[in-house]
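Visitor: Have a look at this one.
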Amino acid sequence: MFSKFQKASDKVTVFLQIKDSCSMFLRHLSMTKKTSKVQALYDLCSKTFTPSPTPLPSSQAVQRLSSLLDTIGPADLGLKEEQSDDDRGHGIFGLSQLNRVARWAQPITYLDIYECNDFTMCVFCFPTSAVIPLHDHPGMTVFSKVLYGSLHVKAYDWVEPAQIQESKGPSSFPVRLAKLSVDKVLAAPCETTVLYPMSGGNLHCFTALTPCAVLDILSPPYREAAGRKCSYYHDYPYSTFAARNGAGIINGKEEDYAWLAEVETPDDLYMRQGKYAGPAIQA
């Protein structure tokens, strides 16, 4: 009788050992496959934007992606927050001035996290005072998350129907009316901002107030062959052309409007390619 119980006990022991082994394996598998935030971001972007082109993401999809972006910090992308130099007390020809000149000579660093036909995940790392000039995002939805530091954002949307004027003089050029959408400072930690093809500040300019980094999700990506070329603009006060051309304010105050003229890529846009050092993405 004892031998029968012993055999049964042995079977139970073996079963429990197998069960424990399976549990340990599953825990190990779970740990090895633990999703990093950048992997979760890729998965959600792939679900939201594939295939492209697609209609604008739903408000629910925008909220889900924004909520995830809001939880992401520099460490999640392998970044180390840069500290601002102290500019006080050295005078115009002292150390302070030299520090500022040195920073202005530094490039904006572009980190390519992931890019496909449907969306781009990237980071821009700015030194203090660096500027990405006013540019557009034709037919694109863009999510921007300030990871650290602070920057000033100035953004416009085109006035529809289009109001286009021709400047006067020997070097005449067309200008188009746009309405100011955003003019504020974003400082980490802050919520994700979203711009759309026709709203939310599709044409924007970034000016770094401190060393800072911005995580961008663009969908669909820039593709010149598909009509999504990145164009740069110079903004002129509304009064510059309004008086001579008689264009009227549609809604709001005069200072809410500007005339935008397309320009060549600015010579002082100093940008270099960096190496992304964060968690790898399993596509």
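Visitor: Considering only the range 184-194, I want to know if a residue exists there that is acidic (Asp, Glu), within 23 Å of the chain's Cα centre (by Cα), surrounded by fewer than 14 Cβ atoms within 10 Å (Cβ to Cβ) and at pLDDT below 95.
Guide: no
Visitor: A further question follows. For the range 270-283, does any single residue satisfy the condition of being at pLDDT below 90 and of a type outside the set (Val, Ile, Thr)? Steps first, answer last, please.
Guide: We begin by selecting, within the range 270-283, every residue at pLDDT below 90; these are 283.
Among the residues that remain, those that are also of a type outside the set (Val, Ile, Thr) are: 283.
Scanning the range 270-283, I find at least one residue that is at pLDDT below 90 and of a type outside the set (Val, Ile, Thr), so the answer is yes.
Visitor: Within the range 135-152, track down each residue that is open to solvent by less than 10 Å² (accessible area, probe 1.4 Å), in contact with a Leu (Cβ under 7 Å, 6 or more places away or on another chain) and more than 22 Å from residue 61 (Cα to Cα).
Guide: The one that is open to solvent by less than 10 Å² (accessible area, probe 1.4 Å), in contact with a Leu (Cβ under 7 Å, 6 or more places away or on another chain) and more than 22 Å from residue 61 (Cα to Cα): 151.
Visitor: Restricting to the range 55-82, count the residues that are at pLDDT 95 or above, under 30 Å from residue 129 (Cα atoms) and open to solvent by 30 Å² or more (accessible area, probe 1.4 Å).
Guide: Adding up the residues that qualify gives 8.
Visitor: Condition check: touching a residue at least 12 places away in the same chain (Cβ under 8 Å), loosely packed, with under 14 Cβ neighbours inside 10 Å and within 25 Å of residue 263 (Cα to Cα). Does residue 173 satisfy that?
Guide: yes
Visitor: Against the condition in contact (Cβ under 8 Å) with a residue 60 or more places away in the chain and closer than 27 Å to residue 55 by Cα, how does residue 222 come out, does it pass?
Guide: When the stated conditions are applied, residue 222 passes them.
Visitor: A further question follows. Among the residues that make up the range 230-248, is at least one of them within 25 Å of residue 140 (Cα to Cα), at pLDDT 95 or above, open to solvent by 10 Å² or more (accessible area, probe 1.4 Å) and not in a strand (DSSP E or B)?
Guide: Looking through the range 230-248, at least one residue is within 25 Å of residue 140 (Cα to Cα), at pLDDT 95 or above, open to solvent by 10 Å² or more (accessible area, probe 1.4 Å) and not in a strand (DSSP E or B).
Visitor: Assess whether residue 168 counts as being loosely packed, with under 13 Cβ neighbours inside 10 Å and in contact (Cβ under 8 Å) with a residue 24 or more places away in the chain.
Guide: yes
Visitor: Cβ-Cβ distance below 8 Å, separation of 6 or more or different chains: which pairs start in the range 249-271 with a residue that is more than 17 Å from residue 155 (Cβ to Cβ) and in contact (Cβ under 8 Å) with a residue 40 or more places away in the chain and end on one that is open to solvent by 30 Å² or more (accessible area, probe 1.4 Å) and of a type in the set (S, T, N, Q)?
Guide: 270/106
The values are calculated or read from the model by the stated rules, or taken from the named source; none is laboratory data. Note that the coordinates shown come from a computational prediction; the quantities given were computed from them, not determined experimentally. All Cβ positions, even for glycine, are placed from backbone atoms using ideal geometry, and neighbour counts span all protein chains on display. The protein model used for the area step is the full one, side chains on, heavy atoms only, and it has no ligands, DNA or RNA in it. Shrake-Rupley method; radii C 1.70, N 1.55, O 1.52, S 1.80 Å.
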